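The values are calculated or read from the model by the stated rules, or taken from the named source; none is laboratory data. Since we're looking at a predicted model, the values are computed, not measured. Heads up, the Cβs are rebuilt from the backbone with ideal geometry, glycines too, and the neighbour counts pull from every protein chain shown.
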Amino acid sequence: MARVKLWSIAVPAATVLVGIVVASFVSPGATALFTGAAAALAGFSWPYLLGVPARKSQGLVLGLVGAGGVAAAYFAPATAMLTWLPGVVAVGVGAVFLIQLLRGTGQPHRLESTIGVIAGALVAGMAAGWVAADRLPGAAGSEGLITSSAAAVLVAVLVSLIPLPDRIIAPFGVVAGALAAAAAAALVPGLPVLSGAFLGALCAAVIVAVRRLALTRDDSPGVLGILAAGMAPVLALGAAVYFAGRLLVP
């Protein structure tokens, strides 16, 4: 079977990234609407990436977790914007176990399906971090935070498309991401340059790690699987961006 092309993963990753940045300059509500829709799509597509049984039912659960986590982050108190997220993810995990029980005994790949889909629930839920980051207080803190993070991710995605070995691309991508985030922090107020560089290196490291995973796969997971492979890492970085913002934004 044909292997997945890196550019096919990069396109949905860049698309959801640009959408989050543009929405953050509009309003937190716009960020919540776009991120919630993206998290729902990525969550539904996750079981197709794994190739596990009961894809539709488990994908529906993950889609609801993604959208529900974003809604929880948007409506939660400003002092604890991710306080309801564990509950949303826990409900999703419980639903996954229920689906596995309803499949009956002796079903194939039950353990792999359960573990993989639970991981998908966590990934979908972490998308809420982008909304929480956009709601952080400060005149332009959230915009600077999100823009710097997005610059690092976008540069890391572009570097990942270079057809060179991982031992070259990985450190180059991390350094390039850190520099891009630092430059964005200097241009968009709200995030110190050094803090932007640190956050950029963190985000870029996740992207180049996903590149390595994509290259180890020998087959293509289909359209929905490719969407999940591209969108999920970007959405999952939302939680890291939020917590980094709480620590780094003055």
Residues of the range 7-30 being more than 17 Å from the chain's Cα centre (by Cα) and either within 12 Å of ALA150 (Cα to Cα) or in contact (Cβ under 8 Å) with a residue 24 or more places away in the chain (or both), in sequence order, are TRP7, PHE25, PRO28, GLY29
In the range 120-170, residues that are of a type outside the set (A, V, I, L, M, F, W, C) and within 14 Å of the chain's Cα centre (by Cα) total 4
Pairing a residue in the range 162-178 that is more than 24 Å from GLY196 (Cα to Cα) with any residue that is among the basic types (Lys, Arg) and assigned to a helix (DSSP H, G or I), where Cβ atoms lie under 9 Å and the two sit 6 or more apart in sequence or on different chains, gives ASP166/ARG211; ASP166/ARG212
Any residue in the range 218-232 that is at pLDDT 90 or above and within 23 Å of PRO28 (Cβ to Cβ)?
-> yes
- prompt: Any residue in the range 101-108 that is over 24 Å from PHE34 (Cβ atoms) and among the hydroxyl-bearing types (Ser, Thr, Tyr)?
  reply: yes
